[in-house]
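Have a look at the structure below, then the notes.
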Amino acid sequence: MKTDIETPRKAHLKKFPWMDRLRRGWAIYKQNLLGKIGLSLLVMFALMALCSFIPPLIDKMYQPMTGVDPEITRSTGPSLRHWLGTDFMGRDILSQLLAGARVAFLVGVSAAFMSIVMGTAIGMVAGYMGRFVDTVLMRLADMIMVMPTMLVVLMIAALFGQLTIWTIVLIIALFRWPGVSRVIRAQTLSLKHRPFIEAARVAGASHLRIIFRHIMPNVLPLSFLYMTFRVTSAIIIEAALAFLGFGDPSTVSWGMMLQWVWKTGHMFKAPYWLLPPGICISLITLAFYMLGRAMDEVLDPRLRKEAGSD
Amino acid sequence: MKMTNDKKAILELENIVKKYTSRGSFFGAHGKEIIALNKISFKIMRGEIFGLVGESGSGKSTAGRLIVRLEKPEEGRIRLNGREVTALKGKTLKEFPRKVQMIFQDPYQSLNPQLSVFDTISEPLVIHKIGNAGDKETAVWQTMKSVGLSPPDDFINRYPHQLSGGQRQRVAIARVMVLNPDFVVADEPTSMLDASISAQIFNILIEMRENLQATLLFITHSLSAARYLCDRIAVIYKGHMMELGPADQVIQNPKHPYTKALIDALPKFGLSDEGIKPYNTLLPVKREASEHEGCPFFPRCMLANTTKCSMEKPLFKKIDDSHWVACFYAKNE
Amino acid sequence: MALLDVENLSIGYHTQKGYLHAVGGVSFSLEEGKSLGFVGESGCGKTTLGMALMRLLPPNGVIRDGRILLDGVDLLQKSDEEMREIRWQKIAMIFQAAMNALNPVHRVHEQIAEALLTHNASLDKREAYEQVEALFQLVGIPKDRMQDYPHQYSGGMKQRAIIAMALACKPSLIIADEPTTALDVIVQDQILKEIINLQKEFGISMIFISHDIAIVADVCHDIGIMYAGNLVELGSREAVFNNPMHPYTKALLSSYPTLTGEKSRLMPIPGETPNLIHPPSGCRFCDRCPAAKATCKTGEAVWVKISPDHKALCYQCGADCRNE
């Protein structure tokens, strides 16, 4: 054995070697037009969400829920004071729109995140353990998937009365994890028999270690991808619930705005009130979808293999 | 200190049987039972490089997998240093990977694409809680240098897709070596690599034997590679041991018709005109034969006796000091 | 006249990382009825060369320079329509991993008959099937297995079916790219013998591409050694084997373990193949060459003729090579 033991210089061991991969992934992402559009839209909405705190600070009347213009008591069109006009109670529509962006992100991302965490964990366990555990978990997933989401959620809402925003988030997550888990399970199944997993077993790794150290990192990119799709679905569900009157009455969301438009009979009378929330819902959904498609290209393993050799 | 002159058997397989039941193909055949290994037995001596040569379907890889406990045999025993390993529990089970390790065939699939080189090689140390962070780094550095991934700094942060096939296989070998195992199964470690890269890997394996005093089981389909690397060669066909002996003897003086056929089939580098007489033990067309009775090589054997060889299975017997054959007609010439 | 004349062929791929110089300035000729083997390791460009001869490069592949003369006609000037006529009828290819080239949902004999019918409008179905039967007999597939599906065939049989398909339209040239790589040793030997017999019987010219120099030595009359996109040595089988000139050829030969003869320590070639997106100037083997000189990187490529049928590429001045 060689006797010169060089003390390794610790500085050379990168703490987070995966940062390079993020950088490269970004380089690929940047080239995708859809991705750039999607990301720009999302940045715009994120700014809207951040700015939602500003209007009430300018003047109390700009508060989305409770701010009432002392001079206006009905729905009016865009003006200098109210850039998008006011709703039926004289509340500023623009501040409502900004607040809605905040809610959309909150609900969308939280619900998506929760469903991904649940779906990934369950999918990995089902795929790796197989047999009985797999069957039980997947039948459970099937049952949930088969249920008509909106109907069941409405029933729950009807049973429990008004729901808070976080209950809505939880319910969305509970209904959306099965889709994720199926995909993750399929991926886990294909990974389970790959030689590097066997190598880990031969090295003595426990099942838990294999799942979290070997399978999870290979499955996570897929999870993130699916998260973008889940966000759109979560936003839409929340909007639908709010529109139908089952939302959280203390939060202003775009769906809630649409409900107010409809309920107060302003559907055809106040386009400045009807269109902004509707367009926002469509655009943010589109933006997340584009994000997902661009990420797909980044994550496609074909792109990550070395250049073709003979 | 392990002594290389100690000629005791480090690994022993005794009457190992391994079966697989296939679920039946789309076109309706019911689940067939495939006997991958049919009562095979052999011993591997401490410090040697033992070659197991066979074609696809011979069961050679299965034998390797049973030894590292990726799978369990249906019958038979495997002994490591005299102790049975087929049914291990508790602490001895946990320590088993520190004694027996495996190098896989496909360097493109045997490394986790999400782990850096450092992570991959240090993982066994992490699993077995060997040393602190500094010790681990030192161990990884040294191991990387001994497999030729030098300077280690160039490689530690790389990911598998940034490495060539040869480099990946070195990482896989480093991962095995870092635990300092007594016994290493190398399952066709070079079949997916180019010749010049394979040569590099062969030399690393030889050094592994010298420096770590590890015993090696080299599984391959190439008789020439086995001749180069191994002290003894065993030939396996359809789950049966056909021949076993010192490498040079098996190659220059093969006793089993299958071994002779393998030697005939090897390309001779254009030297075939040099008057090397082929053994010609292979039938041009396969015979009809029962799958479970008689010698497994009977359907293709030119020298077979149609009654005896089709009904009886020849036993794997010693025909001289160190040469074993499973053939009724193997003569000790 | 040579059947195939390739002059100064240069091929590359447009990749994300840049332009990959896959094959640089390759020239050779192939006589009728003879076989030429290209040997090299992965990345040397041999498969690219084979595909380019059939003009079957992937969309990002481009033939930058050179001519491919088949019977005196430049294939690079032909239109796609004209190439389609030439493929299979004049040149046939046996691909790498050809075992997956058979459509799993059609019976084997149907697929071969289809190939026949597509290229020969005058045939009717019955004649086509008769020819298929004759082909199967030729390649050694028993008649009762003709109507099977591909998955019912063993690896060796699938390969024979592919060979039958290649022979179907009686081409004058067959390009075989690693036709036996995935097969067991004994089956490989049988298929190779089959290929040699067929080639002799029908006088078909053959280009045989392989990473295994031993196989090529057994099968081909002439051998070309490729490294990093360049043809570095070209000659008859005996000449190249008994008297290898190029340092890479010598190194390659000494990295194969042999079954007979002295058991010397294998000498692997240190280092790695060069990056072909930014190929080094001068000789591409320089960094790994035991006989490298300063002039190798700056010198011009010269074909050194060792004998009438043997030449090697060198970047040092001609005399030095001969002395090695």
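Remarks
- Relative contact order [Cα under 8 Å, 6+ residues apart], chain C, whole percent: 20
- Within 10 Å of the Cβ of each residue in B:153-164, the mean number of Cβ atoms contributed by other protein chains is 4.
- At 1.002 mPa s and 20 °C, Stokes D of the range C:20-99 from Kirkwood alpha-carbon radius, µm² per second: 154
- Counting only other chain Cβ atoms within 10 Å of each residue's Cβ, the peptide C:249-259 averages 6.
- FRET E, pair residue B:15, residue A:139, Förster distance 56 Å, beta-carbon r, rounded to 0.05: 0.85
- Of the GluC sites (Glu not before Pro) found in the range B:239-318, those that fall in a DSSP loop while having at most 15 other beta-carbon atoms within 10 Å are B:288, B:291, B:293, B:312.
- D_trans [Stokes-Einstein, Kirkwood Rh over alpha-carbon pairs] for the protein assembly as shown, 37 °C, 0.692 mPa s, µm² s⁻¹: 100
- Euclidean distance of C-alpha centroids, the range A:208-251 and the range B:175-194, integer Å: 43
- The length gained on full extension between residue A:147 and residue A:22, counted as 0.36 nm times the residue separation minus their Cα-Cα distance, comes to 41.2 nm.
- Counted over the range B:9-252, the DSSP beta bridges are approximately 55% antiparallel.
- The protein assembly as shown - share of DSSP beta bridges that are antiparallel (%, nearest 5): 65
- Shape call, the range C:122-202: gyration tensor on alpha carbons, a/c limit 1.5: oblate
- Near-label residues of the range C:121-139 by backbone N, under 13 Å of a point 7 Å along Cα→Cβ of residue C:107: C:129-130, C:133
- Ignoring lysines fewer than eight residues from residue B:94 along the same chain, the ones with Cα atoms less than 16 angstrom from its Cα are B:129.
- Under 5 Å, built H, 5+ apart or other chain: amide partners of residue C:174: C:92, C:205, C:206, C:207
- Under the convention that each Lys and Arg Cβ holds +1 and each Asp and Glu Cβ holds -1, the size of the dipole of the protein assembly as shown around its Cα centre is about 3060 debye.
- Spin-label proximity, residue C:152 to the range C:105-131 - amide N less than 13 Å from point 7 Å beyond Cα toward beta carbon: C:105-110
- Positive dipole terminus of the range B:9-252, leading residue within B:40, B:54, B:246 (C-beta point charges): B:40
- Label-point separation, residue B:180 to residue A:65 (7 Å along Cα→Cβ), nm: 6.7
- Tensor-based shape of the range B:227-333 (alpha-carbon gyration tensor, a/c under 1.5 rounded, otherwise prolate or oblate): oblate
- Between the range A:162-182 and the range B:55-96, the C-alpha centres lie 47 angstrom from each other.
- Longest to shortest principal axis, alpha-carbon extents of the range B:9-252, angstrom: 51, 44, 44
- Environment charge of residue B:310, counting only residues whose C-beta is closer than 14 Å and scoring Lys/Arg +1, Asp/Glu -1: +1
- Per-selection Kirkwood Rh - the range A:85-213 (Cα, Å, 1 d.p.): 17.4
- Computed about its Cα centre, the charge dipole of the range B:9-252 is approximately 800 debye, with only Lys, Arg, Asp and Glu carrying charge at their Cβ.
- Gyration tensor verdict on the range B:135-204 (Cα atoms; rounded if a/c is under 1.5, prolate if a/b is larger than b/c, oblate otherwise): oblate
- Counting only DSSP H runs of at least 4 residues, each contributing -39500 (n - 2.57), and dividing by the residue count of the protein assembly as shown, the helix-based mean residue ellipticity at 222 nm comes to -13500 deg cm²/dmol.
- In loop segments of the range B:294-333 as defined by DSSP, there are no chymotrypsin sites (Phe, Trp or Tyr not before Pro) with at most 14 further C-beta atoms inside 10 Å of their C-beta.
- Each Lys and Arg adds +1 at its Cβ and each Asp and Glu adds -1 at its Cβ; summed about the Cα centre, chain A shows a dipole of about 1000 debye.
- Between A:120, A:66, A:188, the GNM of chain A built on Cα springs shorter than 10 angstrom shows A:66 fluctuating the most.
- Spin-label pair residue B:328/residue C:32, simplified geometry with 7 Å Cα→Cβ offset, distance in nm: 5.5
- Separation of the residue A:167 and residue A:263 label points, Cα + 7 Å toward Cβ, nm: 1.6
- Partner chain coverage, peptide A:206-216 - average Cβ within 10 angstrom: 2
All of the numbers you see were taken from the coordinates with simple rules; none came from a lab. Being a predicted model, the structure only gives us computed values, none of them experimental. When we count neighbours, we look across all protein chains shown, and the Cβ atoms used for this are built from the backbone with ideal geometry, even at glycine.
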